[in-house]
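Q: Here it is, the structure, as structure tokens.
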Amino acid sequence: MTFGASTELSHYLAVPSVRPNSRNSQCTAGISFTLHNANGGFNGGLSKLNSNRNDNRAVSVRADGKGKGLTYKDAGVDIDAGSELVRRIAKMAPGIGGFGGLFPLGDSYLVAGTDGVGTKLMLAFETGIHDTIGIDLVAMSVNDIVTSGAKPLFFLDYFATGHLDVDVAEQVIKGIVNGCKQSDCALLGGETAEMPGLYKEGEYDLSGCAVGIVKKENVINGKNIAVGDIIIGLPSSGVHSNGFSLVRRVLAQSGLQLKDKLPGGDITIAEALMSPTTIYVKQVLDIISKGGVKGIAHITGGGFTDNIPRVFPEGLGALIYENSWSIPAVFKWLKEAGKIEDSEMMRTFNMGVGMVLVVSPEAANGILENRVETGKAYRIGEVISGNGVTYS
């Protein structure tokens, strides 16, 4: 589920989820920074994201958040406030916190997820690119429910606008149909709401819901994750559909326009930012079918820092290897143009990895040795004792 401008706040009001609740991370001042969760702490240095590996300048993170670099909170999105809301909801509906909600049905679970595309919509309005935003909408929900091992069954959409532009709406639905085809699920229906006065001329909002199914014996829940398991990253297509409030702030500050060439890239800024979210359903289900997958995290709002720990049992954390995957040019530009601290980048964006799988060492070898069959993947880390995420 998305709250505000793409802050990930999964709260599903079904039976208790089999996945641990989300944990918060905090930064402390110093040359390196420490990542904590609410139940303890695990210290680790943050690797620099600069493309120049010979740059030995230390990264300083201010605990008061008043550094020169832009933050997601500066752009209007408070991840900590969102996490606090989840904690309060948990008191009313115990068991929330997973990427999808599980509902028992015979020997299976129905797995449901709902989401939107946040303020990426504002770039769709500005660029006039409406035929891919529907792919983003489907991706955000189906990628969430596949983390439980569920195969998506169907999708429902909601399209709201002040004045219905049939041509624009057709383009949006075209993208939704495309997304459903990519995830092998049915577009079962939806709702179109025309509400004059509620939206500005030419604007609309989107939300969607996906439902899938998985046998109870095959649920991926992270409970068997152990020290020494391998963390596999699946590449993203770019920013996907989170962090766009900060993206838009950086763009405004940079002095560049959407039509300009992306610094360090060979496409325009608009093309880089509007690239549709990767749908991982077929790749992930294929990997799961080969065995050895213990936990899966969809890297959305909260980035690596907040999402990876959500699939870990207490007492286990992630060691992420620096330089173990290729960081797309768009993230390097966002960091430099916005003077964004490394810790903020890792807690806001996917940094080029949109889905993370925690697998046994044997399964990792199979995935990495047969990438022609399983799709592109990186070995980006390992499971360690502790809590939270360490970058080294």
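The values are calculated or read from the model by the stated rules, or taken from the named source; none is laboratory data. Just so it is clear, the structure is predicted and the values come from calculations on it, not from any experiment. Cβ sites come from the backbone with ideal geometry, for glycine too, and all protein chains shown count toward neighbours. Heavy atoms of the whole protein, side chains included, go into the accessibility calculation; ligands, DNA and RNA do not. Shrake-Rupley method; radii C 1.70, N 1.55, O 1.52, S 1.80 Å.
Q: Students often check this: by mean Cβ neighbours within 10 Å, which of 353-360, 163-170, 75-82, 329-336 ranks highest, and how do the rest follow?
A: My ranking of the peptides, most packed first, is 353-360, 329-336, 75-82, 163-170.
Q: Let me ask something additional. Spelling out what I want: for every residue of region 137-148, take phi, set θ = phi - 60°, compute 6.51 cos²θ - 1.76 cosθ + 1.60 (Karplus), and round to whole Hz; glycine and proline get x.
A: For region 137-148, the Karplus curve yields 4, 5, 4, 4, 8, 5, 5, 5, 6, 6, 5, 8 Hz.
Q: Let me have the relative contact order for region 168-322, percent, based on Cα pairs under 8 Å that are six or more residues apart.
A: Computed value for region 168-322: 29 percent relative contact order.
Q: Taking N as the number of residues in region 251-392, what is its Cα Rg relative to 2.2 N^0.38 Å?
A: Ratio of Cα Rg to 2.2 N^0.38 Å: 1.14.
Q: Hey, can you find the accessible area per residue of region 75-137 for me, probe 1.4 Å, expressed in square angstrom?
A: Value returned for region 75-137: 39 Å² of accessible area per residue.
Q: Which whole-number percent gives the relative contact order of region 252-392, counting Cα pairs below 8 Å spaced six or more residues apart?
A: 36 percent
Q: Tell me the label-point distance for the pair Glu217, Lys174, using the 7 Å Cα-to-Cβ offset, in nm and rounded to one decimal.
A: Rounded to a tenth, the inter-label distance reads 4.6 nm.
Q: Amide H neighbours of Leu153 under 5 Å, at least 5 residues apart or on other chains, H built in the peptide plane: list them.
A: For Leu153, whose amide H was placed from the backbone, the distant partners under 5 Å are Val211, Gly212, Ile213.
Q: To continue, here is another question. Identify all aspartates and glutamates with a Cα-Cα distance to Lys200 below 14 Å; exclude those on the same chain that are fewer than 8 residues away in sequence.
A: Within reach: Glu126, Asp165.
Q: Something else about it: Is the shape of region 293-366 rounded, prolate or oblate, going by the alpha carbon gyration tensor and its root eigenvalues a ≥ b ≥ c, with a/c under 1.5 for rounded and a/b larger than b/c for prolate?
A: Values: a/c = 2.50, a/b = 1.71, b/c = 1.47.
Verdict is prolate for region 293-366.
Q: Grab the beta carbon distance between Lys376 and Lys91, set R0 = 35 Å, and tell me the FRET efficiency rounded to 0.05.
A: After rounding to 0.05, the efficiency reads 0.25.
Q: What do you get for Rg/Rh over region 219-271 if you use C-alpha atoms and the Kirkwood form of Rh?
A: 1.22
Q: Report, ordered by chain and residue number, the aspartates and glutamates lying within cross-link reach of Lys151, taken as a straight Cα distance under 16 Å and ignoring same-chain residues fewer than 8 apart.
A: Filter leaves Asp107, Asp184, Glu217, Asp286.
Q: Classify region 103-143 from the C-alpha gyration tensor, please: rounded if a/c falls under 1.5, else prolate or oblate depending on whether a/b exceeds b/c.
A: Taking the square roots of the gyration eigenvalues as a ≥ b ≥ c, region 103-143 is prolate.
Q: Can you pull a Stokes-Einstein diffusion coefficient for region 77-148 at 4 °C (1.567 mPa s), Rh from Kirkwood over Cα pairs, as a whole number of µm²/s?
A: 89 µm²/s
Q: Further, regarding this structure: For Lys181, which aspartates and glutamates qualify as cross-link partners when the Cα separation must be under 15 Å and same-chain residues fewer than eight apart are set aside?
A: Cross-link targets: Asp131, Asp136, Asp157.
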